[in-house]
């Protein structure tokens, strides 16, 4: 190839985002990687991937829940030597556990901003270039709770349900332009976000409910994300569940 493909991944400093960055680097993609809090870790990881796989990794701080941050990041992208991303993976997300009646309005808005508003901001800024090129892929990392809801995770469920509807609607809007929009609805994945909120006993009980008898891995989510990018253009508007037959 005279020009490498390029992917933009949000929330790329750990867990699922980190695994997605690795599989795309392994397959020769240049990377835009962003995070909110762990830029030193992300920068070191970007250098590691660049040296190991011969790609370019551009890392940046971006709070994707703020439109101004996303606009600033895309201005940086417009001046980058690796060009605009053909693939955008909206992975950044946060969780909140507890009764809805105990949740503050600020906590609600932070949840919706990070998990749902960010998908709007990222897509809005990526779409014009994809339309001009006549192709592109947007993949949203969502959750099974966005499909069925979870007690004590009402805001999280609402945000991910919003992402699912956003995915289906945007796919219909962009299909005439040759752009595919899909989502991966994750079940229980072995990430820092889950382990920090659940005790060993809770994780053990959760695992017993999953027919596959284990948590999923970030690498499995990453593999599915990469396979989606390679899938036929006719596959769009889908919410693909990855949960070990749990839900």
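For region 78-95, the tally of residues that are surrounded by fewer than 20 Cβ atoms within 10 Å (Cβ to Cβ) and either in contact with a helix residue (DSSP H, G or I) (Cβ under 6 Å, 6 or more places away or on another chain) or more than 19 Å from residue 27 (Cβ to Cβ) (or both) stands at 6.
If the condition is being more than 13 Å from residue 24 (Cβ to Cβ) and surrounded by fewer than 20 Cβ atoms within 10 Å (Cβ to Cβ), then region 38-51 contributes 38, 39, 40, 41, 43, 44, 47, 48, 51. When you scan region 98-113, do you find a residue that is part of a helix (DSSP H, G or I), surrounded by fewer than 21 Cβ atoms within 10 Å (Cβ to Cβ) and under 16 Å from the mean Cα position of the chain (by Cα), even just one? Yes, region 98-113 has at least one match.
Quick one: which helices (runs of 4 or more DSSP H) lie wholly within region 121-217 and hold at least 2 residues that are in contact (Cβ under 8 Å) with a residue 40 or more places away in the chain?
Correct list: 145-148, 154-174, 192-197.
Could you say whether any residue in region 50-61 is at pLDDT 95 or above and under 28 Å from residue 158 (Cα atoms)? Looking for residues that are at pLDDT 95 or above and under 28 Å from residue 158 (Cα atoms), one finds at least one in region 50-61, hence yes.
Give me a count of the residues in region 41-55 that are touching a helix residue (DSSP H, G or I) at 6+ places or on another chain (Cβ under 6 Å) and closer than 24 Å to residue 122 by Cα.
So the answer is 2.
Please specify each residue of region 1-37 satisfying the condition of being surrounded by 21 or more Cβ atoms within 10 Å (Cβ to Cβ), free of Cβ contacts under 8 Å to residues at least 60 places away in the same chain and more than 21 Å from residue 188 (Cα to Cα). Matches in region 1-37: 25, 29, 30, 31, 32, 33, 34, 35.
Filter region 218-237 down to residues that are part of a loop (DSSP other than H, G, I, E, B) and in contact with a helix residue (DSSP H, G or I) (Cβ under 8 Å, 6 or more places away or on another chain), then give me how many there are. Break it down into steps so the answer makes sense when it comes.
Of all residues in region 218-237, those part of a loop (DSSP other than H, G, I, E, B) come to 231-237.
With the extra rule that they be in contact with a helix residue (DSSP H, G or I) (Cβ under 8 Å, 6 or more places away or on another chain), the set shrinks to 235-237.
Summing the residues that are part of a loop (DSSP other than H, G, I, E, B) and in contact with a helix residue (DSSP H, G or I) (Cβ under 8 Å, 6 or more places away or on another chain) in region 218-237 gives 3.
Each residue in region 171-198 was checked for being modelled with pLDDT of 95 or more and surrounded by fewer than 16 Cβ atoms within 10 Å (Cβ to Cβ), and 6 pass.
The values are calculated or read from the model by the stated rules, or taken from the named source; none is laboratory data. Because the structure is predicted, anything quoted here is derived from the model rather than measured. Heads up, the Cβs are rebuilt from the backbone with ideal geometry, glycines too, and the neighbour counts pull from every protein chain shown.
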